[in-house]
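**Q** One structure is given below, represented as structure tokens, and several questions about it will come after.
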Amino acid sequence: MKITVIGSGYVGLVSGICFAKIGHEVVCVDNDQSKIDKLNQGIIPIYEPGLKELLEEAKSAQKISFTTDLEAAMQGSQAVFIAVGTPQDEDGSANMSYVFAVAKEIAQKAQDYKLIITKSTVPVGTGGKIAKIVKDINPNLEFSIASNPEFLREGVAIDDFMNPDRVVVGVEDEKSKEILSQIYSNLFVNEEPRVVYSDITTAELIKYASNSFLATKISFINEMADLCEAVGGDVKQLSYAMGLDTRIGEKFLNPGPGFGGSCFPKDIMAVLNIAKENDVNLSLINSVITSNKHRKVHMVEKIKDALGSEIAGKKIAVLGLAFKANTDDIRYSPATVIVSQLSQKGAKVAATDLQAIENSKQELAEFDNITYHEDTYSAIEGSDLIVIVTEWKIYKDLDLEKVKTITKARKILDLRNILDAKKVKEAGFEYYSIGQK
Ligand code: UGA
């Protein structure tokens, strides 16, 4: 089927390339000419493992093309996905201007039936608003609206797209359902399609509810980690045993420095806004925001405790700046918050990451005493404390004997619990972690 995907950001690109992989003919549209030029040359503006190879494959199979021309892209394509950004406004609500501008352009340029599908995370009621925009501009156009929220995680997005737990589709008529079921039938060859159909409002809500629930789960385990530290329990054993209960489930029960990224913090604020507008009190979600905010402050306190003295004047090696491993994304990254607070408290921070150094340099430009190191061991050299903030695999495989030759202090604070405590201690280090006395 011919599919148009508008917006070549994270969601649009991954979805477009994966739709091509499952056999559709995809045209990706973006109004940024330089981005389109790069994509036509096979250059991907984001870091996502495996995506470049998949793009090359789709290009040689002539299944994907990139353009700024929406009118041409939509010709012969019934399904038009909107995957542009919905950044957070100052009041926490989702900024819908890009989505509505695209809806307007579709209405102006469409010449025959279109199924307009939102893939971006949009507030409840957006489907209806898009329908009104299209109807007002082009009353004669035959069209339907659908919602098809995306559940991709950065770093493992291709696998998430290709092997989804479920695909959520919100529709209002049979024709839309038929088109979307055809699109996704290619994903579920020889197996029962895991597609959940609902009305549009419910589909829009499912996305926010899922992200809010996962964020709550993380904050819950982070607070249990604090309790373990206070009473002498072990959060690793606790989360393992809790996760074995299938009603709870083992995933997203890893304690850490708090959740970040472009989705959970933004979506949780957006859901609160939707609730406020509708006079609904979401006190639980409110407290998750507070808990996650305190988390980063608490991590800085843990750094002070591990140092055993004031932070000012100490050299602290920070391993990891991205909000999680396998991405260059630093949006709402706990690491950048921690680094900024350490800098304000007078520490000398030696920061390193595998992909996120350039982004962090810009984000943290106003803070003093931060040096950036491509090489992990160069960041560690001469440090009073090593803090692991992002769970990159190379930090798990840290060469402790080498570390011993370049630091005297030999203290490690592992905010992701990725190291083997016994081995670290046997190697002669003081080891501090999360949720373990
Ligand atoms: C999240 C959701 O997991 C996706 O399903 C969703 O599609 C996406 O948001 C979105 O709305 O677009 P993502 O932000 O890429 O995906 O990252 P996650 O892997 O979910 O991690 C989010 C944060 O939670 C990270 O800071 C991570 O370190 C933290 N986390 C995650 C924990 O602290 N503990 C865990 O057990 C899991």
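**Q** Please list the three semi-axes, largest first and in whole Å, of the ellipsoid equivalent to the range 114-182, using sqrt of 5 times the eigenvalues of its alpha carbon gyration tensor.
**A** Largest first, the range 114-182 gives 26, 14, 9 Å.
**Q** So how much slack lies between S185 and S378, counting 0.36 nm per residue of separation and subtracting their Cα-Cα distance, in nm?
**A** Length gained between S185 and S378: 64.5 nm.
**Q** When only alpha-carbon atoms are used, what values of Rg and Dmax, in angstrom, describe the range 219-289?
**A** 14.7, 43
**Q** With each pseudo-label sitting 7 Å past Cα toward Cβ, what's the K129-K2 distance in nm, one decimal?
**A** With each label placed 7 Å out from Cα toward Cβ, I get 3.1 nm.
**Q** How big is the range 270-316 by the Kirkwood estimate over distinct Cα pairs, in Å?
**A** Hydrodynamic radius (Kirkwood, Cα only) of the range 270-316 equals 13.1 Å.
**Q** Now a separate question. Loop-only check: which chymotrypsin sites (Phe, Trp or Tyr not before Pro) in the range 153-229 are DSSP coil with at most 12 other Cβ within 10 angstrom?
**A** none
**Q** May I ask for the distance between the Cα centers of the range 1-57 and the range 100-124, given as a whole number of Å?
**A** Comparing the Cα centres of the range 1-57 and the range 100-124, I get a distance of 19 Å.
**Q** Any idea what % of Cα-Cα pairs in the range 334-399 are farther than 17 Å?
**A** The proportion of pairs with Cα distances above 17 Å equals 36 percent.
**Q** Follow-up. So for the range 55-181, taking the charge dipole from beta-carbon charges (+1 Lys/Arg, -1 Asp/Glu), which of N163, S65, G85 sits furthest toward the positive end?
**A** S65
**Q** Pull up the cross-link candidates among the aspartates and glutamates for K21, meaning alpha carbon to alpha carbon under 15 Å and not fewer than 8 places away within one chain.
**A** Here the aspartates and glutamates satisfying the reach criterion relative to K21 are E53, E56, E57, D159, D160.
**Q** Then there is this: Assuming 0.36 nm per residue, please report the length gained on full extension of the stretch I406 to K293 beyond their Cα-Cα distance.
**A** Value of the extension gain: 37.3 nm.
**Q** Taking one equal scatterer on every alpha-carbon of the range 169-225, how large is log10 of I(q)/I(0) by Debye at q = 0.15, 0.21 1/Å?
**A** Log10 of I(q)/I(0), two decimals: -0.60, -0.83.
**Q** For the chain, set up a Gaussian network in which alpha carbons nearer than 10 Å are linked by springs, and say which option among D353, D37, D267 fluctuates the most.
**A** Of D353, D37, D267, the most mobile in the Gaussian network model is D37.
**Q** When all C-alpha to C-alpha distances in the chain are sorted into bins of 10 Å, what percent of pairs does each bin hold, rounded to whole numbers?
**A** Reading the bins upward from 0: 4, 20, 27, 24, 16, 7, 2, 0.
**Q** Right, another one. So between K52 and K396, what do we pick up on full extension, going 0.36 nm a residue minus the alpha carbon distance?
**A** 121.2 nm
**Q** If each of A241 and K422 carries a label point 7 Å out from its Cα toward its Cβ, how far apart are those two points in nm?
**A** Using points 7 Å along Cα→Cβ, the separation is 1.9 nm.
**Q** Using θ = phi - 60° and the Karplus form 6.51 cos²θ - 1.76 cosθ + 1.60, what ³J(HN,Hα) does each residue of the range 334-349 get, whole Hz, x for Gly and Pro?
**A** x, 4, 5, 5, 4, 4, 5, 5, 5, 5, 5, 8, x, 7, 9, 9
**Q** Once the Cα gyration tensor of the range 308-430 is found, what semi-axes does its equivalent ellipsoid get, as square roots of 5 times the eigenvalues, in whole Å, sorted largest first?
**A** 22, 17, 12
**Q** If you split all Cα-Cα distances of the range 300-375 into 5 Å bins from zero, what percentages do you get per bin, shortest first?
**A** Percent of Cα pairs in each bin: 3, 18, 31, 25, 15, 8, 1.
**Q** Restricting to the chain, what percent of DSSP beta bridges are antiparallel, rounded to 5?
**A** Counting DSSP beta bridges with both partners in the chain, the antiparallel share is about 5 percent.
**Q** OK, next. Among K2, K423, K266, K114, what is the fewest-to-most ranking by other Cβ atoms within 10 Å?
**A** Listed from fewest to most nearby Cβ atoms, that is K423, K2, K266, K114.
**Q** What is the sum of charges, Lys and Arg at +1 and Asp and Glu at -1, for the other residues whose Cβ falls under 11 Å from the Cβ of A83?
**A** Summing Lys/Arg as +1 and Asp/Glu as -1 gives -1.
**Q** Quote the FRET efficiency, to the nearest 0.05, computed for S34 versus K361 with a Förster distance R0 of 22 Å and r equal to the Cβ-Cβ distance.
**A** Working from the Cβ atoms, E equals 0.50.
**Q** Which value at 222 nm does the chain reach when only helices count, each DSSP H run of 4 or more adding -39,500 (n - 2.57), with the total divided by all residues and rounded to the nearest 500 deg cm²/dmol?
**A** -14000 deg cm²/dmol, from helical runs alone.
**Q** So how far, in whole Å, is the C-alpha centre of the range 238-294 from the one of the range 377-437?
**A** Here the answer is 29 Å between Cα centres.
**Q** For the range 1-95, state which GluC sites (Glu not before Pro) are in a DSSP loop and have at most 12 other beta carbons lying within 10 Å of their beta carbon.
**A** Passing sites in the range 1-95 are E90.
No value in this document is a laboratory result; all are computed from the given coordinates. Please read all numbers here as calculations on a predicted model, not as lab measurements. Cβ atoms come from the backbone with ideal geometry, glycine included; neighbour counts cover every protein chain shown.
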